[in-house]
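The values are calculated or read from the model by the stated rules, or taken from the named source; none is laboratory data. Just so we're clear, the structure is a prediction, and the values are computed from it rather than from any experiment. Please note: Cβ atoms are built from the backbone with ideal geometry, for glycine as well, and neighbour counts cover all protein chains shown.
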Amino acid sequence: MLLNKKETILVVVDFQERIVPAMREGASAVAEAAKLIKGFRALGCPVLVTQQYTKGLGESVPEIKEAFGDGMEFAHIEKSAFSVMGDQGFVEELARQGKKTVVLCGIEAHVCVLQSALDMQEAGYDVFLATDAISSRKERDEKPAIKRMIQAGIVPTTVESALFELLDNDSKSETFKTISRLIR
């Protein structure tokens, strides 16, 4: 199953100011998530960003906000449930977008990302996990979470792989050049 840009949405989970610094390789996960956002924007694919209890955990980190670039105001969906699907506002917005496939990234892999992936899959979405754009505080939590998602049928991918799939085999397009610059 290949990603198709007409059917795909990016969901970015909880890259927030007070929790990213505690993540193992958090800066790398944020950088990869920012590439995904920029790539999805270049491809014309929608992006949804969540924040968990913003009052306590802070806003999305600047790199995530800045990835939206000029001309698009950053917006997030506030949630209090661990799974994005536990928030009615998110569920309604995801349905409104009309996409069947989700590329998922965020933190923490073993809590919010895991529960979101499994719940979205149960709701009928095809879920791809950008394994290089997720993190947890401890590797011993992250690795079993990834394994569990894969065993449940979540498709592992990487930022580069996902973005190139979404190009629909068109290496001569301007979008290809944009994506190529992002992944260098």
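See the values below:
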{"quantity": "Tabulated pairs, region 166-184, first outside any helix (DSSP H, G or I), second of a type in the set (Ser, Thr, Tyr) and at pLDDT 80 or above, C-beta under 8 angstrom, 6+ apart or interchain", "calculated": "Leu166/Thr8; Leu167/Thr175"}
{"quantity": "Options Ala145, Ala152, Ala123, Ala162; residue that is among the hydrophobic types (A, V, I, L, M, F, W, C) and in contact (Cβ under 8 Å) with a residue 40 or more places away in the chain", "calculated": "Ala162"}
{"quantity": "Selection within region 137-154 - over 18 Å from the mean Cα position of the chain (by Cα) and within 23 Å of Gly39 (Cα to Cα)", "calculated": "none"}
{"quantity": "In region 58-67, residue nearest to Gly44 (Cα to Cα) [restricted to those that are touching a residue at least 40 places away in the same chain (Cβ under 8 Å) and part of a loop (DSSP other than H, G, I, E, B)]", "calculated": "Val61"}
{"quantity": "Filter result for the condition that a residue is touching a Gly at 6+ places or on another chain (Cβ under 8 Å), at pLDDT 95 or above and surrounded by fewer than 22 Cβ atoms within 10 Å (Cβ to Cβ), over Asp119, Asp126", "calculated": "Asp119"}
{"quantity": "Residue that is surrounded by the most Cβ atoms within 10 Å (Cβ to Cβ), among those in region 68-86 that are assigned to a strand (DSSP E or B) and of a type outside the set (Lys, Arg)", "calculated": "Ile77"}
{"quantity": "Any hit, region 87-107, residues being closer than 18 Å to Leu2 by Cα, surrounded by 20 or more Cβ atoms within 10 Å (Cβ to Cβ), touching a residue at least 12 places away in the same chain (Cβ under 8 Å) and of a type in the set (Phe, Trp, Tyr)", "calculated": "no"}
{"quantity": "Matching entry among Ala22, Ala29, Ala81 (being among the small types (Gly, Ala, Ser) and without any contact (Cβ under 8 Å) to a residue 40 or more places away in the chain)", "calculated": "Ala81"}
{"quantity": "Hey, Ala42 buried (at least 17 other Cβ atoms within 10 Å of the Cβ), in a helix (DSSP H, G or I) and not basic (Lys, Arg) or not", "calculated": "yes"}
{"quantity": "Ile134 assigned to a helix (DSSP H, G or I), among the β-branched types (Val, Ile, Thr), within 16 Å of the chain's Cα centre (by Cα) and crowded, with 18+ Cβ neighbours inside 10 Å", "calculated": "no"}
{"quantity": "Hits in region 142-154 (condition: crowded, with 16+ Cβ neighbours inside 10 Å and not in a helix (DSSP H, G or I))", "calculated": "Ile154"}
{"quantity": "Selection status of Ile19, among the aliphatic types (A, V, I, L, M) and farther than 14 Å from Ala162 by Cα", "calculated": "yes"}
{"quantity": "Count - residues of region 154-178 that are over 26 Å from Met23 (Cβ atoms) and of a type outside the set (A, V, I, L, M, F, W, C)", "calculated": "11"}
